[in-house]
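Presented below is the structure to which this report refers.
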Amino acid sequence: MRRRWLGLASLLVVVTVAAHFLLPGPLAVDYSAILAPPSLGHPLGTDQLGRDAAARLLAGARLTLGLTVATLLVTALFGTAVGMLSGYAGGPLGRVVPRIADMLAALPTILVGLFVAAALGPGLLSIVAAVCLVGWTPFARQAYHLTVRESARDYVGAARTLGAGPLRLLIRHITPNIAGPLLAHLFLRFAGTLLTVSGLSFLGLGVQPPAPEWGSMVAEGRAYLFGAPHLVLAPAAAVILTATLTTLVGRRLDPDRGSP
């Protein structure tokens with residue numbers, strides 16, 4: 001299974017690198033090939049300005065996936081740190097932080113994005129702010145419950161008896177034992193973050209044209225859905241397939257959900 005994943009990843013890298021050199025630039029306009037169907041010269045056709053859809057899809061992958069990974073890592077690190085500290089500390093902090101996380105988790109990220117865009121204007125900053133304001137809460141709740149569970153284990157009590165301080169207990173003893181579920185949760189949250197990033201760009205709140213981004217590409221292609229459906233189907237399929245694959249990986253890594 002591991003060799004199969006490595007082979008697939010290697011194939012994707014080779015195809016991506018080859019396409020980067022063979023396809024025209026994502027912003028190159030060709031008015032003689034407007035809304036052209038898929039062909040050998042344009043594997044995914046062209047858009048309303050004659051730009052190669054495959055080249056824009058690859059360029060959009062760098063922006064969409066890069067933004068998704070960046071915001072996901074920020075929210076994961078912050079949420080995990082907050083959850084672990086509150087779970088280990090207990091007391092008032094252990095009661096307040098989960099309540100705050102629950103209240104923020106109830107807010108739809110798209111709605112938060114609308115308010116952020118109204119305050120900051122559409123753009124990358126609005127996407128990052130909207131996702132980070134709400135996205136840390138699932139990681140905080142997960143880390144909180146895992147830390148509370150592990151803090152009650154005998155090995156933590158033994159280490160505390162031997163003089164280990166709170167920081168050493170969290171880093172050297174508790175973190176390695178909850179890293180697996182947290183990593184699985186990271187992959188499981190990737191799909192939701194990707195859909196949020198693409199959804200905000202689809203609504204015009206994120207990446208602005210002419211920069212290619214999967215969500216904005218779907219929005220631009222709606223006007224030509226019946227005459228040139230490839231403009232919508234290609235980026236939409238990229239979002240769905242990426243979200244599905246990362247979710248499957250997360251479920252396989254999750255000890256409670258994954259198959260042996």
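The values are calculated or read from the model by the stated rules, or taken from the named source; none is laboratory data. Bear in mind the structure is a predicted one, so any value in this text is a computation, not a measurement. Using ideal geometry, Cβ is built from the backbone for each residue, glycine included, and neighbour counts are taken over all protein chains shown.
Residues in the range 49-82 that are in contact with a Leu (Cβ under 6 Å, 6 or more places away or on another chain) and under 25 Å from A228 (Cα atoms): D52, A53, A54, A55.
Scanning the range 223-245 turns up one or more residues that are among the hydroxyl-bearing types (S, T, Y) and surrounded by fewer than 18 Cβ atoms within 10 Å (Cβ to Cβ). Can you give me the number of residues within the range 118-146 that are of a type in the set (D, E, K, R) and surrounded by fewer than 15 Cβ atoms within 10 Å (Cβ to Cβ)? Total satisfying the criteria: 0. R149 satisfies every condition listed in (1) buried (at least 16 other Cβ atoms within 10 Å of the Cβ); (2) modelled with pLDDT of 80 or more; (3) of a type in the set (D, E, K, R) except (1).
In this structure, is I100 free of Cβ contacts under 8 Å to residues at least 40 places away in the same chain, out of contact with any Asp or Glu (no Cβ under 9 Å at 6 or more places or on another chain) and β-branched (V, I, T)?
On the way: free of Cβ contacts under 8 Å to residues at least 40 places away in the same chain: yes; out of contact with any Asp or Glu (no Cβ under 9 Å at 6 or more places or on another chain): yes; β-branched (V, I, T): yes.
Yes.
Summed over the range 153-171, residues that are in a helix (DSSP H, G or I) and without any contact (Cβ under 8 Å) to a residue 12 or more places away in the chain total 8.
Being charged (D, E, K, R) and part of a strand (DSSP E or B) is the filter here, so list the residues in the range 43-72 that pass it. Break it down stepwise before answering.
The first filter runs over the range 43-72 and keeps only residues charged (D, E, K, R), leaving 47, 51-52, 56, 62.
Passing the criteria: only D52.
Scanning the range 172-214 for residues that are part of a helix (DSSP H, G or I), of a type in the set (V, I, T) and crowded, with 19+ Cβ neighbours inside 10 Å yields I174, I178, T193, T196, V197. Out of all the residues in the range 191-201, is one or more among the β-branched types (V, I, T), closer than 20 Å to G90 by Cα and either at pLDDT 80 or above or under 14 Å from the mean Cα position of the chain (by Cα) (or both)? Looking for residues that are among the β-branched types (V, I, T), closer than 20 Å to G90 by Cα and either at pLDDT 80 or above or under 14 Å from the mean Cα position of the chain (by Cα) (or both), one finds none in the range 191-201, hence no.
Can you confirm whether L85 is surrounded by fewer than 20 Cβ atoms within 10 Å (Cβ to Cβ), part of a helix (DSSP H, G or I) and either in contact (Cβ under 8 Å) with a residue 60 or more places away in the chain or in contact with a strand residue (DSSP E or B) (Cβ under 8 Å, 6 or more places away or on another chain) (or both)?
Working: surrounded by fewer than 20 Cβ atoms within 10 Å (Cβ to Cβ): yes; part of a helix (DSSP H, G or I): yes; either in contact (Cβ under 8 Å) with a residue 60 or more places away in the chain or in contact with a strand residue (DSSP E or B) (Cβ under 8 Å, 6 or more places away or on another chain) (or both): yes.
Criteria met by L85.
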